[in-house]
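Okay, structure first, notes after.
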Amino acid sequence: MKNGAARFNLYLDQLEKLINDAAGQTDPAMWLYQNNARTPLFMLEGLAKLYSGIHNKKRFEKIKAHFKLMEDGLGAIDYYDGFARQFTADKEVASTITRSVQDKSHEKAQALDKLLAKKGWIGKKADRIQKIRKVLKNADWLGEKDEIKRIESFYRKSIDKINTFAQTYRTGFTDLETQVHELRRQLRWLSIYPQALQGCIQLTESPSSDSNTVKYQTPEIVNSPFNKLPAANGNGYILMLNRDYFFALSWMISELGKLKDEGLRLVVLNESGSGFEFDRTASSAILSKASDICNAYFAERNLDKLINGVSKNLK
């Protein structure tokens, strides 16, 4: 791939097909959610976030906002629908709570339907995709070598910001959403960029000599499809990441995700208005566990050892 335009277009083509198919549905937003439109949106948002950090900031920030708005809408549907599914299978959760959460999911879908029409994704005046393609066509794309060096710099700056954020809460987390969930979001982008960039980021093949990384290499992590990166193919220059520290990153994202879900389950039950009493002891235990694993992870400086540098692709 010569530049970022091809990367954007790959996922933009996927999204355009989904939107065209969704436009003929009774509930386009729910259809998009059920047909995994979040995946190309994550990739597009990640690309826009990255490219806004290496060139044409204003241009890419603008299209990132459009991708984020739709992805947030689908995320809101997923938030309530996911818990509704959990509660349906849990005999200890009253049916009234489940119905309340299901209703919330449908409310979020209706809100997104309106947004899709308002922002020109669907409807008679749908032109959002065309506008985004025009922005991409007129971007000042960089040469491969310059681009990969800037991607490395962006990656390092992202890691520095995450380290600073984590250091702020080294004495312990006190809020699930603005602290634990936010840290996980920032970490997750580090794993999304390699997927979105279609091969210009690769993992080292040989293991590191750091014994601290072994505990992160669980079967779930090692065999995760998210840790199988796109092949280098036509990319002339490659940013190499250390495989073991990438697995450690993936483990941390996974563990924080599990804790986040535990905490949000309590929040959703409390929101349901069905007499559930918020369990503050359980919430505190979740925050405490998140603090413990984060302090251990960042004390090992795993993120600082993630990047191996840029090399020319000889294959």
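The values are calculated or read from the model by the stated rules, or taken from the named source; none is laboratory data. Predicted model, so just to flag it, every value in this text is computed and none were measured. FYI the Cβ positions are ideal-geometry reconstructions off the backbone, even for glycines, and counts take in every protein chain you see. Surface accessibility is based on the protein's heavy atoms, side chains included, excluding ligands, DNA and RNA. Shrake-Rupley method; radii C 1.70, N 1.55, O 1.52, S 1.80 Å.
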Check your understanding: Is the shape of the range 130-221 best called rounded, prolate or oblate, per the rule: a/c under 1.5 gives rounded, else a/b larger than b/c gives prolate, else oblate, with a ≥ b ≥ c the square roots of the Cα gyration tensor eigenvalues?
Key -> oblate
Point to revise | Rounded if a/c under 1.5, otherwise prolate or oblate - the range 1-58, Cα gyration tensor axes | key: prolate
Exercise for review: For the chain, give the share of DSSP beta bridges that are antiparallel, in percent and rounded to the nearest 5; count only bridges with both residues there.
Suggested key: 60 percent
Review point. Which lysines does Lys260 reach when only Cα atoms under 16 Å apart count, and residues fewer than 8 places away in its own chain are ignored?
Key: Lys289
Point to revise | Entries of Lys215/Lys312; Lys62/Lys258; Lys17/Lys125; Lys131/Lys157; Lys49/Lys137 with Cα pairs more than 28 Å apart | key: Lys215/Lys312; Lys62/Lys258; Lys131/Lys157
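How much of the accessible area of the chain, probe 1.4 Å, is carbon plus sulfur, in whole percent?
50 percent
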**Study point:** Residue-normalised accessible area of the chain, expressed per residue, 1.4 Å probe, Å²
**Key:** 51 Å²
Point to revise | Peptides 237-245, 3-11, 288-296, 117-125 ordered by average Cβ neighbours within 10 Å, highest first | key: 237-245, 3-11, 288-296, 117-125
Check your understanding: Out of residues 5 or more away from Ile307 or on other chains, whose amide H comes under 5 Å of its own, with H placed 1.01 Å from N in the peptide plane?
Key -> Asn242
**Study point:** Under 12 Å, Cβ to Cβ, from Ser153 - net charge with Lys/Arg +1 and Asp/Glu -1
**Key:** 0
**Study point:** Hz values of 3J(HN,Hα) by residue in the range 101-109 - Karplus curve (6.51, -1.76, 1.60), Gly and Pro given as x
**Key:** 6, 4, 4, 4, 4, 5, 4, 5, 5
Practice item. Name the shape class, rounded, prolate or oblate, that the alpha-carbon gyration tensor gives for the range 127-166, where a ≥ b ≥ c are the square roots of its eigenvalues, rounded holds for a/c under 1.5, and otherwise prolate holds if a/b is larger than b/c and oblate otherwise. Key: oblate
Point to revise | In order through the range 41-53: 3J(HN,Hα) via Karplus (6.51 cos²θ - 1.76 cosθ + 1.60), integer Hz, x for Gly, Pro | key: 5, 4, 4, 5, 5, x, 4, 5, 5, 5, 5, 5, x
Review point. What is the distance in Å between the Cα centres of the range 126-151 and the range 184-243?
Key: 24 Å
Check your understanding: Using alpha-carbon pairs under 8 Å, 6+ residues apart, how would you state the relative contact order of the range 1-65 in percent?
Key -> 26 percent
